[in-house]
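These notes are about the structure you will find just below.
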Amino acid sequence: MYKLMIVDDEPQILEGMKRILDWKQYGFGRIETCESTEEAMSKVIDLMPDVAIFDVCIGKQFGYDAIRRLNEIQIPTNYIIMSGYSEFKYAQEAIRCGVKDYLLKPVDRIKLQQVIEKIIVEELGGTVDNMSSDHLNKDPVLGVSYDSLSKLVNRILLMIKTEYTQNITLKSVAERFQMNSTYLGQLFLKETTMKFSEYLMAYRMLLAQERIQSTDEKISSIAFSVGYNNLNYFYTHFHGFFGKSPSDLRGKG
């Protein structure tokens, strides 16, 4: 069973974070909360949590300063920072102390879910295949159960799902696995019958489709939110994938 610690100086935030996910379903058998960095430092050493979620500002202290001190004494915990501030300096400090992600408040449940799944698979050597809900058991692009795929391919898919907004490539994934990119690409193709780049594009297209149909966001904003900095490139991929333009899909063209 995994152990979780949540650190925030607002009791209602702590309660909300305890309820935001079905932690038990993810294998977290123990959850501890702290309202100060001093209490957190003491509890971390005793609890040795697998995951700790720190607010960026806890009273007059900074969450990343506590994380930095814990890193110095080599506590093997995976840290997440949450913050009501989008200032780059906070995110920069969080990145410097090796946090797994920087989430803005109010914390998005789906985003947190993705980060936790990624930590479970990549850092804790676990799986998320036994989640009860269908959307967690079945890959939206491949249409097959995650149980039918190898652990390696599941890890690649999870990377795509958590980093699709970034410039993720087969080469960058291969480097993280310390594998040859050509060989990794062949393994992925053999198992999924799709090239890595084809899967990435399809995943981004499905997300874009969902946002186009369920929101009034500008198409340019949606394109950027799914990892396309070039709008023309997005339109070309979209039309090639769906056979229609984004505005046609929304019913305004």
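A short reminder: the numbers here are calculations on the coordinates, not readings from a lab. Since the model is a prediction, treat every value here as computed from it, not as a measurement. In this analysis, Cβ positions are derived from the backbone assuming ideal geometry, glycine residues included, and neighbour counts consider all displayed protein chains.
Dividing the mean sequence gap of close Cα pairs (under 8 Å, 6+ apart) by how many residues the chain holds gives a relative contact order of 11 percent. Could you identify which residue out of PHE196, PHE88, PHE54 has the top mean-square fluctuation in a GNM of the chain using Cα springs shorter than 10 Å? Between PHE196, PHE88, PHE54, it is PHE88 that shows the largest mean-square fluctuation. I want to verify a result. In a Gaussian network model of the chain, Cα cutoff 10 Å, which of these has the top mean-square fluctuation: GLY143, GLY59, GLY126? Among GLY143, GLY59, GLY126, the largest mean-square fluctuation in the Gaussian network model of the chain belongs to GLY143. When you restrict to C-alpha pairs under 8 Å that are six or more residues apart and normalise by the size of the stretch 2-122, the relative contact order lands at 23 percent. Summed over qualifying helices (DSSP H, 4 residues or more, each -39500 (n - 2.57)) and divided by its residue number, the chain shows a 222 nm mean residue ellipticity of -15500 deg cm²/dmol. In the Gaussian network model of the chain, springs joining C-alpha atoms below 10 Å, which of GLU122, GLU198, GLU87 carries the largest mean-square fluctuation? The residue that fluctuates most here is GLU87. Only Lys, Arg, Asp and Glu carry charge here, each on its Cβ (+1 for the first two, -1 for the last two); on that basis the stretch 2-122 has a dipole of about 280 debye about its Cα centre. Annotation: amide H-H contacts under 5 Å for LEU104 (H modelled 1.01 Å from N, sequence separation of 5 or more, or interchain): SER83.
The count of lysine pairs in the stretch 128-253 with alpha-carbon distances below 24 Å, taking only pairs 8 or more places apart or on different chains, stands at 18.
Rounded, prolate or oblate for the stretch 2-122? Axes are the square roots of the Cα gyration tensor eigenvalues, ordered a ≥ b ≥ c, and the cut-off for rounded is a/c under 1.5. Since a/c stays below 1.5, the shape of the stretch 2-122 is classed as rounded.
The calculated FRET efficiency for SER36 paired with THR127, based on their beta-carbon distance and R0 = 51 Å, is about 0.90. One Cα centroid belongs to the stretch 135-170, the other to the stretch 94-130; the line between them spans 15 Å. Under the criterion of Cα pairs below 8 Å and six or more residues apart, the relative contact order for the stretch 128-253 equals 19 percent. Put simply, the Cα atoms of the chain extend 57, 39, 33 Å along their principal axes, the longest span coming first.
Within a straight-line Cα-Cα reach of under 22 Å, LYS3 can be paired with the following lysines, leaving aside sequence neighbours fewer than 8 residues apart in one chain: LYS18, LYS24, LYS43, LYS100, LYS111, LYS118.
When +1 charges are put on Lys and Arg Cβ atoms and -1 charges on Asp and Glu Cβ atoms, the dipole computed for the chain relative to its Cα centre reaches about 800 debye.
If the only charges are +1 at each Lys and Arg Cβ and -1 at each Asp and Glu Cβ, what is the size of the charge dipole of the stretch 160-249 around the Cα centre, to the nearest 20 debye?
Numbers: 9 positive and 8 negative charges, 38 e Å.
About 180 debye.
Given 0.36 nm per residue, what is the gain on full extension from LYS111 to PHE241 after removing their alpha carbon distance, in nm?
Net length gain for the segment: 44.3 nm.
Farthest toward the positive end of the dipole of the chain, out of THR193, ILE110, SER172, is the Cα of THR193, where the dipole comes from beta carbon charges about the Cα centre. Taking the Cα centre of the chain as the origin and placing charges on Cβ (Lys, Arg +1; Asp, Glu -1), which of PHE241, THR215, ILE160 is farthest toward the positive end of the dipole? Of the options given, the answer is PHE241. The residue list GLN92, LEU47, CYS34 was ranked by how far each Cα lies along the charge dipole of the stretch 2-122 toward its positive end, using unit charges on Cβ atoms, and GLN92 comes out on top.
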